[in-house]
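Enquirer: Sharing a structure, written as structure tokens. Questions coming.
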Amino acid sequence: MGFPQHRPRRLRQNPAIRRLVAENELSARQLILPAFVREGLSQPNEITSMPGVFQHSMDSLKAAANDAAERGLGGIMLFGIPEERDETGSAGLDPQGILNQGIAAVRAEVGDELVVMSDVCLDEFTSHGHCGVLDANGVVDNDATLEIYGQMAVAQAQAGAHMLGPSGMMDGQIGVIRQALDAAGRQDVSLLAYSAKYASAFYGPFREAVDSQLQGDRRTYQMDSANRSEAVIEAELDIAEGADMIMVKPAMSYLDIVRDIAEFSPVPVSAYQISGEYSMIEAASANGWIDRKASVLESLLSIKRAGAQQILTYYAAEVAGWLKEGK
Ligand code: PBG
């Protein structure tokens, strides 16, 4: 007979014992809700490819921010959709532009109850839909874009953002934005760097969410999904340039990257469960093919297990409600 057998099933017998030994759990304080505000809307507008997610009017955005604070979420990440776009994305710099107005309105509602975050990127504001400005050959001009990002960051800080999320994947963006903020006396504003952001087909629904004008793709600046070690370099650069937190995006198809980065990062590591991840769960559960709530919780827990501390997810508010009810 020999040794008593190790029997892992002993610790799975009932919900109480499973709860006792669970290695990871979700908490509302680490969930961040991405939210879209669209200029000129008087009513929220549901995004067809993301049922249950809305382009907000200013009023519905404020309500969503209050609700997020009440539910104990960690933060809200704001994206703006302007009425007018141009070659250089100037509406992104305008203090009266839709995103800066949205930041100011949300901050006035929630104060310091919720971390107010905003997207530093030009794609929502440019007529060509790229994340930066183009050179004479139509190629995204890295360094000319950095200069604009610096100004955009300062405008968002002055509007009231606590934390900025540069998502354009330009080389050197964290360093330049940090310097611009410091020069403006805004050492207090922190940076959540989208360090390892991959060129992903799963962003599809987001492009509808922000009425993206993009023709073509972002493969000259976002990462190639074939690559792993490059993500480590990107994260190291961002940390060296002053990122307070870093992010991997998308989450689901990149959990190995989340793990790699979480192994060494001295700053908190986040992951973004993006639009396509949301839409897939919604579509499959609407068809009765998967159990919606169980799938949402499992998808988020897997991101936690991979090593992310914070998760940006369109499910943030709903999940916080579930957690409060004790499941
Ligand atoms: C760029 C940006 C994108 C997303 C967040 N910031 C789109 C892109 O890179 O094409 C995608 C988020 C999602 O798909 O949920 N400003």
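The values are calculated or read from the model by the stated rules, or taken from the named source; none is laboratory data. Everything numeric in this text was worked out from a predicted model, so none of it was measured. Backbone-built Cβ (ideal geometry, glycine too); neighbour counts: all protein chains shown. Note: accessible area is taken over every heavy atom of the protein model, side chains too, but ligands, DNA and RNA are not part of it. Shrake-Rupley method; radii C 1.70, N 1.55, O 1.52, S 1.80 Å.
Enquirer: Any idea how many residues of the range 1-18 are closer than 30 Å to residue 68 by Cα and surrounded by 10 or more Cβ atoms within 10 Å (Cβ to Cβ)?
Expert: Adding up the residues that qualify gives 1.
Enquirer: Look through the range 247-261, keep the residues that are surrounded by fewer than 24 Cβ atoms within 10 Å (Cβ to Cβ) and among the aliphatic types (A, V, I, L, M), and return whichever of them is farthest from the chain's Cα centre (by Cα).
Expert: Filtering the range 247-261 for residues that are surrounded by fewer than 24 Cβ atoms within 10 Å (Cβ to Cβ) and among the aliphatic types (A, V, I, L, M), the one farthest from the chain's Cα centre (by Cα) comes out as 255.
Enquirer: Which residues, taken from the range 206-229, are in contact with a Cys (Cβ under 8 Å, 6 or more places away or on another chain) and open to solvent by 70 Å² or more (accessible area, probe 1.4 Å)?
Expert: Listed by number, the list is empty, since nothing qualifies.
Enquirer: Scan the range 256-293 for residues that are away from the ligand (no atom under 16 Å from the Cβ), among the small types (Gly, Ala, Ser) and closer than 19 Å to residue 30 by Cα and jot them down.
Expert: 262, 265
Enquirer: Would you please name the residue that is farthest from the chain's Cα centre (by Cα), looking only at residues in the range 18-38 that are more than 17 Å from residue 325 (Cα to Cα) and of a type in the set (Gly, Ala, Ser)?
Expert: 22
Enquirer: Is it the case that some residue within the range 111-119 is among the hydrophobic types (A, V, I, L, M, F, W, C), open to solvent by less than 50 Å² (accessible area, probe 1.4 Å) and more than 25 Å from residue 174 (Cβ to Cβ)?
Expert: Checking the range 111-119: not a single residue is among the hydrophobic types (A, V, I, L, M, F, W, C), open to solvent by less than 50 Å² (accessible area, probe 1.4 Å) and more than 25 Å from residue 174 (Cβ to Cβ).
Enquirer: Additional query: Can you tell me which condition residue 244 does not meet? The list is (1) in contact with a Ser or Thr (Cβ under 7 Å, 6 or more places away or on another chain); (2) open to solvent by less than 30 Å² (accessible area, probe 1.4 Å), and all the others hold.
Expert: Among (1) in contact with a Ser or Thr (Cβ under 7 Å, 6 or more places away or on another chain); (2) open to solvent by less than 30 Å² (accessible area, probe 1.4 Å), residue 244 violates only (2).
Residues checked against (1) closer than 20 Å to residue 254 by Cα; (2) of a type in the set (Asp, Glu); (3) more than 16 Å from the ligand (Cβ to nearest atom):
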{"residue": "176", "(1), (2), (3)": "no, no, yes"}
{"residue": "183", "(1), (2), (3)": "no, no, yes"}
{"residue": "189", "(1), (2), (3)": "no, no, yes"}
{"residue": "193", "(1), (2), (3)": "yes, no, no"}
{"residue": "209", "(1), (2), (3)": "no, no, no"}
{"residue": "213", "(1), (2), (3)": "no, no, no"}
{"residue": "222", "(1), (2), (3)": "yes, no, no"}
{"residue": "225", "(1), (2), (3)": "yes, no, no"}
{"residue": "230", "(1), (2), (3)": "yes, yes, yes"}
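Enquirer: Which of the residues spanning the range 169-200 are surrounded by fewer than 20 Cβ atoms within 10 Å (Cβ to Cβ) and charged (D, E, K, R)?
Expert: Across the range 169-200, the qualifying residues are 171, 182, 186, 188.
Enquirer: Restricting to the range 287-301, and then to whatever is part of a helix (DSSP H, G or I), open to solvent by 60 Å² or more (accessible area, probe 1.4 Å) and touching a helix residue (DSSP H, G or I) at 6+ places or on another chain (Cβ under 8 Å), can you tell me which residue is farthest from residue 202 (Cα to Cα)?
Expert: Only one residue tops the list, namely 293.
Enquirer: Which one of the conditions (1) more than 16 Å from the ligand (Cβ to nearest atom); (2) surrounded by 15 or more Cβ atoms within 10 Å (Cβ to Cβ); (3) not hydrophobic (A, V, I, L, M, F, W, C) does residue 203 fail to meet, given that it meets all the rest?
Expert: (1)
Enquirer: Taking into account only those residues within the range 120-140 that are in a loop (DSSP other than H, G, I, E, B) and farther than 12 Å from residue 168 by Cα, which is nearest to the ligand (Cβ to nearest atom)?
Expert: Checked the range 120-140; the qualifying residue nearest to the ligand (Cβ to nearest atom) is 125.
Enquirer: Right, next: From the list 45, 66, pick out the single residue that is over 17 Å from residue 148 (Cα atoms), surrounded by fewer than 23 Cβ atoms within 10 Å (Cβ to Cβ) and free of Cβ contacts under 8 Å to residues at least 24 places away in the same chain.
Expert: One residue alone meets the criteria, 45.
Enquirer: Can you name the condition, by its number, that residue 312 falls short on among (1) within 16 Å of the ligand (Cβ to nearest atom); (2) assigned to a helix (DSSP H, G or I)?
Expert: (2)
Enquirer: Looking only at the range 125-136, decide whether some residue is touching a Lys or Arg at 6+ places or on another chain (Cβ under 7 Å), over 21 Å from residue 192 (Cα atoms), open to solvent by 20 Å² or more (accessible area, probe 1.4 Å) and modelled with pLDDT of 95 or more.
Expert: Yes; the residues of the range 125-136 include at least one that is touching a Lys or Arg at 6+ places or on another chain (Cβ under 7 Å), over 21 Å from residue 192 (Cα atoms), open to solvent by 20 Å² or more (accessible area, probe 1.4 Å) and modelled with pLDDT of 95 or more.
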